[in-house]
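Trainee: Quick one: this structure, given as structure tokens, is what I'll be asking you about.
The values are calculated or read from the model by the stated rules, or taken from the named source; none is laboratory data. Keep in mind it's a predicted model, so treat the numbers as computed, not measured. Cβ placement follows ideal geometry from the backbone for every residue including glycine, while neighbour counts extend to all protein chains displayed. These accessible areas exclude ligands, DNA and RNA; they are computed on the full protein's heavy atoms, side chains included. Shrake-Rupley method; radii C 1.70, N 1.55, O 1.52, S 1.80 Å.
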Amino acid sequence: MTIPKPGVILVDWADESGKTQDRSPKLLDDWPPIEHFARQDSKFVLRARHGGQEVELSFDPERAREGRYLFARDREHGRVERVDDLKSDEFKAFCPSALAHYAVQFRIVTAAEPSGSKRTWFVGLSRDSK
């Protein structure tokens, strides 16, 4: 299997029941590829296209509440509330199967401003992403 570089991102896959059942797309072709990736220290900055919409997401696993997101076309924006490392034993069960081939895996929960509407993001990154 060829893994696209630098990685993939999926927005709004959520299982409201709290169960670990994987309902995400199983094929990587169904996950929007990340078009831009930058990393400074522990902060990640990503950009992808999702359903004809450009999406930007920045997050820092060490300082989760400092992250932001933007849906450019809709001008929806918000803040990151939580970042989970899906490689950790605590969150491994919540990792979508399509991300199994990625060295770096995160689940990010955001809240829109000013509504507070929640979004769940899943990100898979190759280890050689710079």
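Trainee: Restricting attention to the range 45-74, and to residues there that are in contact (Cβ under 8 Å) with a residue 24 or more places away in the chain and in a strand (DSSP E or B), which single residue is farthest from L10 (Cα to Cα)?
Mentor: Only one residue tops the list, namely F59.
Trainee: Taking the range 38-77 on its own, how many of its residues are modelled with pLDDT of 95 or more and either polar (S, T, N, Q) or at positive phi (or both)?
Mentor: Matching residues across the range 38-77 total 1.
Trainee: Mind checking which residues of the range 75-86 are open to solvent by less than 30 Å² (accessible area, probe 1.4 Å), under 15 Å from T110 (Cα atoms) and either in contact with a Gly (Cβ under 8 Å, 6 or more places away or on another chain) or not in a strand (DSSP E or B) (or both)?
Mentor: Listed by number, the residues that qualify are V80, V83.
Trainee: Got a number for residues in the range 83-130 being of a type in the set (S, T, N, Q) and in contact with a helix residue (DSSP H, G or I) (Cβ under 6 Å, 6 or more places away or on another chain)?
Mentor: Residues flagged as of a type in the set (S, T, N, Q) and in contact with a helix residue (DSSP H, G or I) (Cβ under 6 Å, 6 or more places away or on another chain) within the range 83-130 amount to 1.
Trainee: I would also like to ask the following. So D89 ticks every box in (1) in a loop (DSSP other than H, G, I, E, B); (2) over 20 Å from A38 (Cα atoms); (3) in contact with a Ser or Thr (Cβ under 9 Å, 6 or more places away or on another chain) but one. Which box is left unticked?
Mentor: (3)
Trainee: A follow-up question, please. Does the range 97-119 hold any residues that are of a type in the set (S, T, N, Q) and either open to solvent by less than 40 Å² (accessible area, probe 1.4 Å) or outside any loop (DSSP other than H, G, I, E, B) (or both), and which are they?
Mentor: Within the range 97-119, S97, Q105, T110 qualify.
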